[in-house]
Amino acid sequence: MTTGEPDWNDLRYFLATARAGTLSGAARAAGVRHTTVSRRLAALEAALGVALVVRRPQGVEVTPLGQKLLPLGEDLERAIEAMTALARSGTHRVRLALPTGFSPFFTERTAAFRKACPEISLELTSGSRPVDLQHGEADLAVRIGPVIDETLVARKLCVSGWSLYASRVYLDRHPMPIDPHRLFGHDIIGFHENLAGVPGARWVEAYGNGATIVFRVAEMTEMLAAALGGAGLAAMPCMLAEPEPRMVRLTPDIIGSHPVSLVYRREIGDEAPVRAVIRFVAAVIKDHAELISGEPRRLPESGSRIGPVDLAK
């Protein structure tokens, strides 16, 4: 390898890859293509003259030397963040991580927040991977599902409801009514193993006997896109499907739900900028709580009433 001066930006991709364990996971965390991660990793390895990771079919493995360099890279990451914070001493940066699908609720209100709190620089990130608050990946996070880390403060905001949907394209092939309890013969959009615990996956497992899984997704936005194309039935969050006029809800009831919470490290909860963002998040979620919860409504066509999946099982 030809050695040279390493680029800090390349080191960021090495840290992201080591944390995610895969190039695709690092790419999602960084908001870039996996080819970008691979290219920047190769550039860092060329600059250092060593191999940092070994690429394998199931993911990447950090080399022994890479493991030794990781703590130094993390120290450098923290130092640069501290330098940036000092340089921006006139403002207070607060980083808020949002689950996939929540960002539109906040982007439409960020201008008003900046006007009300010009001294706070609010930085939003969105994705399905839970950020590591203890390692400083964000200051606050909106999370769906139970929060088991007792070192974090968890403030419940609302409940996220799920229901069963189909696009009008799919219903042209399989007209209503569709019995949500009997999905035999239907095409269904399934879930990646990482999402096996979500309410939609539980519903498919309980009532999808005899149905065909035509596609599996790791992101709910991918499920919405597949459903709109007519790929199959979709058990998904109401907040994503309800605003889309091409989607039809097949039952008025909630088939499962998860709590939505705002979480943060206990030691930052008393900081004035953080408290301001906490109030902002609570207000935004409150304004959209009905959509997020998927409150039952009367359908244009007949549908059977059903009970939610018991997530305690």
- request: With respect to ALA282, determine if the residue is surrounded by fewer than 17 Cβ atoms within 10 Å (Cβ to Cβ), modelled with pLDDT of 95 or more and in the same structural domain as PHE102 (by TED's automatic domain parsing).
  value: yes
query: Mind checking which residues of the stretch 115-139 are over 18 Å from the mean Cα position of the chain (by Cα) and closer than 21 Å to THR221 by Cβ?
result: none
query: Any idea how many residues of the stretch 14-58 are touching an Asp or Glu at 6+ places or on another chain (Cβ under 9 Å) and under 23 Å from LEU133 (Cβ atoms)?
result: 6
statement: Exactly one of THR110, THR84 is exposed (fewer than 12 other Cβ atoms within 10 Å of the Cβ), of a type in the set (Ser, Thr, Tyr) and either modelled with pLDDT of 90 or more or closer than 25 Å to ARG28 by Cα (or both), and that residue is THR84
query: Can you tell me how many residues in the stretch 16-28 are under 15 Å from GLY73 (Cβ atoms) and surrounded by 20 or more Cβ atoms within 10 Å (Cβ to Cβ)?
result: 4
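Conditions (1) assigned to a strand (DSSP E or B); (2) among the acidic types (Asp, Glu); (3) surrounded by fewer than 18 Cβ atoms within 10 Å (Cβ to Cβ); (4) under 16 Å from the mean Cα position of the chain (by Cα), marked per residue:
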{"site": "ALA141", "(1), (2), (3), (4)": "yes, no, no, yes"}
{"site": "ILE148", "(1), (2), (3), (4)": "no, no, yes, no"}
{"site": "HIS181", "(1), (2), (3), (4)": "no, no, yes, no"}
{"site": "GLY190", "(1), (2), (3), (4)": "yes, no, no, no"}
{"site": "ILE213", "(1), (2), (3), (4)": "yes, no, yes, no"}
task: Could you check PRO118 against (1) surrounded by fewer than 16 Cβ atoms within 10 Å (Cβ to Cβ); (2) more than 18 Å from VAL281 (Cα to Cα); (3) not aliphatic (A, V, I, L, M) and say which number it fails?
output: (2)
query: Out of the residues in the stretch 164-179 that are closer than 18 Å to ASP253 by Cβ and surrounded by 19 or more Cβ atoms within 10 Å (Cβ to Cβ), which is modelled with the lowest pLDDT?
result: ILE178
statement: Sole miss for GLY232 among (1) farther than 27 Å from ALA289 by Cα; (2) free of Cβ contacts under 8 Å to residues at least 60 places away in the same chain; (3) over 21 Å from the mean Cα position of the chain (by Cα) is condition (2)
field: So GLU267, is it over 30 Å from ALA112 (Cα atoms) and acidic (Asp, Glu)
entry: no
- prompt: Quick check: is even one residue across the stretch 13-32 of a type in the set (A, V, I, L, M, F, W, C) and over 24 Å from HIS192 (Cβ atoms)?
  reply: yes
- prompt: What is the number of the single condition among (1) outside any loop (DSSP other than H, G, I, E, B); (2) free of Cβ contacts under 8 Å to residues at least 24 places away in the same chain that ASP270 does not meet?
  reply: (1)
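The values are calculated or read from the model by the stated rules, or taken from the named source; none is laboratory data. None of the values given here were measured: they were computed from a predicted structure. Here Cβ is always computed from backbone atoms with ideal geometry, including for glycine, and neighbour counts include all displayed protein chains.
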